[in-house]
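**Q** Right, I'll just put the structure down here and ask away after.
The values are calculated or read from the model by the stated rules, or taken from the named source; none is laboratory data. Keep in mind it's a predicted model, so treat the numbers as computed, not measured. Reconstructed Cβ throughout: ideal geometry from the backbone, glycine too, with neighbour counts over all protein chains shown. Heads up: the accessible areas ignore ligands, DNA and RNA and are worked out on the full protein's heavy atoms, side chains in. Shrake-Rupley method; radii C 1.70, N 1.55, O 1.52, S 1.80 Å.
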Amino acid sequence: MEGQDEHMTGARAAEERRADIYDEDGVILSSFLTQIGAAIADRDTLTLKREVDDLHQSELGHLLEALHPEQRRALVELLGKDFDFSALTEVDEAIRRDIVDNLPNAQIAQAVQELDSDDAVYILEDLDQEDQDEILSQLPFTERIRLRRSLDYPEETAGRRMQTEFVAVPPFWTIGQTIDYMREDNNLPDRFSQIFVIDPSFKLLGAIDLDQILRTKRSVKVEEVMHETRHAIPATMDQEEAAREFEQYDLLSAAVVDENERLVGVLTIDDVVDVIQQEAEEDLLRMGGVGDEELSDSILSTSRSRVPWLLINLLTAFLAASVIGLFDRTIEHIVALAVLMPIVAGMGGNAGSQTMTVTVRALATRDLDIYNAGRIIRREIGVGFINGIIFAILIGIVAAAWFHDRNLGGIIAAAMIINMFVAALAGILIPLLLDRFKIDPAVASAVFVTTVTDVVGFFAFLGLATWWFGVG
């Protein structure tokens with residue numbers, strides 16, 4: 001009961017602390033920012049330490065993002081050794097680099113020794129190779145080797161995201177020996193849910209969950225109660241694939257092994273949640289043609305990241321414009337076509353984007369594969385055809401009434417059906433084709449789908465009008 005009361009008291013204190021920092025929408029209170037800003041301006045270290053000391057790393061990260069660049073650098077400087085470097089894993093890359101670049105390598109080396117290995121790697125991987133080497137050279141040998149091994153794995157792999165701190169025991173130990181080891185060794189991770197079983201060469205043999213240890217008598221040998229680690233993750237596996245393993249099998253943690261099946265680390269659910277969020281954000285940004293842009297990026301870097309895709313859009317716009325140019329005489333004779341043709345292209349573009357978004361997401365989550373692709377394609381074609389008929393009737397009636405011409409209403413209705421049908425096809429086939437050729441469909445699909453719907457929409461509408469009215 002006493003422990004429960006302490007837990008309840010701690011929970012209430014945390015809730016009260018959160019109310020002092022955030023408003024009801026989860027935004028940092030301006031009064032709190034003003035208080036921190038005033039303490040920074042006065043270089044009031046005692047106030048800063050008192051206000052920041054109880055903040056969770058994510059809350060400190062939010063505070064850093066809310067402060068002006070000069071203020072956040074001063075905050076880190078004033079806090080000195082009391083600054084929680086794990087907060088840097090919660091901020092944009094641009095902010096993290098800005099802070100780290102203004103700190104001496106000796107201070108960074110001292111700080112990363114206090115961090116979990118995955119957080120340390122997260123900070124070190126953004127540094128130049130020269131700075132990395134200098135910082136690592138100041139670390140104890142064992143820790144230096146562990147961090148270097150993680151940094152040697154490719155970016156965005158399980159090896160980069162894993163923790164190198166784990167608990168491993170030989171199979172011939174008893175449960176009693178294992179419990180005593182966990183009680184007496186001071187170098188164990190702060191939190192863990194599994195104990196791994198290894199042979200003398202560190203080859204992974206199995207694992208035991210902590211609840212299983214608590215239910216087993218001390219005299220029982222580890223090998224008698226261990227289970228196979230059916231979902232060991234190769235260190236070179238892409239982090240998105242690893243996250244999918246966690247999602248599919250409801251894992252809380254998983255062993256990470258090298259090419260020789262030797263245990264090198266552990267991947268935990270908190271890191272996987274970060275990966276899922278990161279990958280989702282990347283896909284969303286890439287579909288908008290803005291790459292890995294972050295809110296903290298400068299004006300020049302933001303502009304530079306957007307220009308390439310805008311240039312591609314400009315080129316495809318010229319392609320659509322050239323189609324319109326083929327029917328300039330038709331447009332001269334029937335001015336109403338110039339008013340109506342953007343409607344056909346625009347509706348096709350929106351319909352294609354809907355299908356494309358669903359397809360790209362299904363490819364990312366592996367819900368769309370060779371076995372159900374045919375059924376999904378037929379479904380999207382059917383949806384495109386039905387929606388085409390619905391909006392063809394609507395726009396046909398409006399156009400006929402607007403320009404007092406039933407022929408014009410019929411032409412735009414037919415063009416709408418054609419373009420909505422093509423939009424559905426393009427929205428699913430283009431991402432599938434790009435994925436087939438190992439091109440990220442989230443990056444390239446939008447430009448191609450929009451181009452197809454613009455070209456087909458203009459060509460169908462103006463071509464039908466030219467043929468029907470006999471202009472040429």
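**Q** Looking at A207 and the list (1) open to solvent by 30 Å² or more (accessible area, probe 1.4 Å); (2) over 19 Å from D119 (Cα atoms); (3) within 34 Å of the chain's Cα centre (by Cα), which single condition is not satisfied?
**A** All conditions pass for A207, except number (1).
**Q** Find the residue count for the range 362-386, including only residues that are open to solvent by 70 Å² or more (accessible area, probe 1.4 Å) and more than 16 Å from A424 (Cβ to Cβ). Walk me through it before giving the result.
**A** Residues of the range 362-386 open to solvent by 70 Å² or more (accessible area, probe 1.4 Å): 366-367, 370-371, 375, 378-379, 385-386.
Okay, now just the ones that are also more than 16 Å from A424 (Cβ to Cβ), so 366-367, 370-371.
Summing the residues that are open to solvent by 70 Å² or more (accessible area, probe 1.4 Å) and more than 16 Å from A424 (Cβ to Cβ) in the range 362-386 gives 4.
**Q** Now, a different point. Out of S303, S298, report the one residue that is surrounded by fewer than 18 Cβ atoms within 10 Å (Cβ to Cβ), under 30 Å from D92 (Cα atoms), free of Cβ contacts under 8 Å to residues at least 40 places away in the same chain and under 25 Å from the mean Cα position of the chain (by Cα). So that I can check it myself, show each step before the final result.
**A** Working: S298 fails: free of Cβ contacts under 8 Å to residues at least 40 places away in the same chain.
Going through S303, S298 in turn, the sole match is S303.
**Q** Report, by residue number, each residue of the range 71-125 that is outside any helix (DSSP H, G or I) and either closer than 21 Å to D53 by Cβ or open to solvent by 60 Å² or more (accessible area, probe 1.4 Å) (or both). Spell out the reasoning first.
**A** Step one: of the range 71-125, the residues outside any helix (DSSP H, G or I) are 83-84, 91-92, 102-104, 113-116, 125.
Within the range 71-125, F83, D84, V91, N102, L103, P104, Q113, E114, L115, D116 meet the criteria.
**Q** List the residue pairs whose Cβ atoms are under 6 Å apart, where the first residue sits in the range 168-189 and is farther than 16 Å from A207 by Cα and without any contact (Cβ under 8 Å) to a residue 60 or more places away in the chain, the second is open to solvent by less than 50 Å² (accessible area, probe 1.4 Å) and outside any helix (DSSP H, G or I), and the two are 6 or more positions apart or on different chains.
**A** Filtered contacts from the range 168-189: L188/V167.
**Q** Now for a separate question. Is it the case that some residue within the range 387-399 is over 21 Å from G346 (Cβ atoms) and either modelled with pLDDT under 95 or surrounded by fewer than 20 Cβ atoms within 10 Å (Cβ to Cβ) (or both)? Walk me through it before giving the result.
**A** Here is the first cut: in the range 387-399, the residues over 21 Å from G346 (Cβ atoms) are none.
Within the range 387-399 (the criterion being over 21 Å from G346 (Cβ atoms) and either modelled with pLDDT under 95 or surrounded by fewer than 20 Cβ atoms within 10 Å (Cβ to Cβ) (or both)), the answer is no, since none of the residues qualifies.
**Q** Could you check the range 212-254 and list, in sequence order, the residues that are open to solvent by 20 Å² or more (accessible area, probe 1.4 Å) and under 13 Å from R160 (Cα atoms)?
**A** P234, T236, M237, D238, E240 - these are the residues of the range 212-254 that are open to solvent by 20 Å² or more (accessible area, probe 1.4 Å) and under 13 Å from R160 (Cα atoms).
**Q** Could you tell me which residue of the range 306-351 is farthest from R406 (Cα to Cα), considering only residues that are hydroxyl-bearing (S, T, Y) and open to solvent by less than 40 Å² (accessible area, probe 1.4 Å)?
**A** Of the residues in the range 306-351, the ones hydroxyl-bearing (S, T, Y) are 316, 322, 330.
Now drop any that are not open to solvent by less than 40 Å² (accessible area, probe 1.4 Å), which leaves 316, 330.
Numbers: T316: 33, T330: 18 Å.
This residue is T316.
**Q** Let me ask something else about it. Do we find a residue being within 29 Å of E143 (Cα to Cα) and modelled with pLDDT of 90 or more anywhere in the range 215-222? Break it down into steps so the answer makes sense when it comes.
**A** In the first step, residues of the range 215-222 are kept if they are within 29 Å of E143 (Cα to Cα); the result is 222.
From the residues that got through so far, the ones that are modelled with pLDDT of 90 or more too are 222.
So far as the range 215-222 goes, yes, one or more of its residues are within 29 Å of E143 (Cα to Cα) and modelled with pLDDT of 90 or more.
**Q** For the range 134-190, give me each residue that is closer than 18 Å to V257 by Cα, aliphatic (A, V, I, L, M) and surrounded by 15 or more Cβ atoms within 10 Å (Cβ to Cβ).
**A** L147, L151, A158, M162, V167, A168, V169
**Q** Ok, one more. Given (1) open to solvent by 20 Å² or more (accessible area, probe 1.4 Å); (2) farther than 27 Å from R361 by Cβ, where does I412 come up short, assuming only one miss?
**A** Just one mismatch for I412, condition (1).
**Q** Confirm whether I198 is surrounded by 13 or more Cβ atoms within 10 Å (Cβ to Cβ), touching a residue at least 24 places away in the same chain (Cβ under 8 Å) and in contact with a helix residue (DSSP H, G or I) (Cβ under 9 Å, 6 or more places away or on another chain). Let's see the steps before the verdict.
**A** Details: surrounded by 13 or more Cβ atoms within 10 Å (Cβ to Cβ): yes; touching a residue at least 24 places away in the same chain (Cβ under 8 Å): yes; in contact with a helix residue (DSSP H, G or I) (Cβ under 9 Å, 6 or more places away or on another chain): no.
No: the conditions fail for I198.
**Q** Consider only pairs whose beta carbons are under 8 Å apart and that are at least six residues apart or on different chains; among these, list those whose first residue lies in the range 430-458 and is closer than 13 Å to T355 by Cα and whose second residue is of a type in the set (D, E).
**A** P441/D435; A442/E282; A442/D283
**Q** Report every pair of residues separated by at least 6 positions or lying on different chains whose Cβ atoms are under 9 Å apart, first residue within the range 23-52 and basic (K, R), second part of a helix (DSSP H, G or I) and surrounded by fewer than 16 Cβ atoms within 10 Å (Cβ to Cβ).
**A** Once the first residue is basic (K, R) and sits in the range 23-52, its partners that are part of a helix (DSSP H, G or I) and surrounded by fewer than 16 Cβ atoms within 10 Å (Cβ to Cβ) give K49/D82.
**Q** Still on this model: If the requirement is being open to solvent by 40 Å² or more (accessible area, probe 1.4 Å) and within 27 Å of the chain's Cα centre (by Cα), which of these qualifies: E59, E65? Let's see the steps before the verdict.
**A** Details: E59 fails: open to solvent by 40 Å² or more (accessible area, probe 1.4 Å).
Only one candidate passes the filter, namely E65.
**Q** Would the range 70-81 turn up any residue that is under 26 Å from the mean Cα position of the chain (by Cα) and within 18 Å of I123 (Cα to Cα)? Step through it out loud before you land on a result.
**A** Taking the range 70-81 and keeping what is under 26 Å from the mean Cα position of the chain (by Cα), we get 72.
Keeping just the survivors that are within 18 Å of I123 (Cα to Cα) gives 72.
Yes: the range 70-81 contains one or more residues that are under 26 Å from the mean Cα position of the chain (by Cα) and within 18 Å of I123 (Cα to Cα).
**Q** For the range 227-237, how many residues are modelled with pLDDT under 95 and either of a type outside the set (G, A, S) or touching a helix residue (DSSP H, G or I) at 6+ places or on another chain (Cβ under 6 Å) (or both)? Give the derivation first.
**A** So the first thing to find is which residues in the range 227-237 are modelled with pLDDT under 95, and the list is 227-232.
Keeping just the survivors that are either of a type outside the set (G, A, S) or touching a helix residue (DSSP H, G or I) at 6+ places or on another chain (Cβ under 6 Å) (or both) gives 227-231.
Looking only at that region, the number is 5.
**Q** Same structure, new question: Look at the range 217-226 and say how many of its residues are more than 19 Å from F202 (Cβ to Cβ) and touching a residue at least 12 places away in the same chain (Cβ under 8 Å). Give the steps one after another, and end with the answer.
**A** The first filter runs over the range 217-226 and keeps only residues more than 19 Å from F202 (Cβ to Cβ), leaving 217-221, 224-225.
Adding the requirement that they be touching a residue at least 12 places away in the same chain (Cβ under 8 Å) leaves 217-221, 225.
Qualifying residue count for the region: 6.
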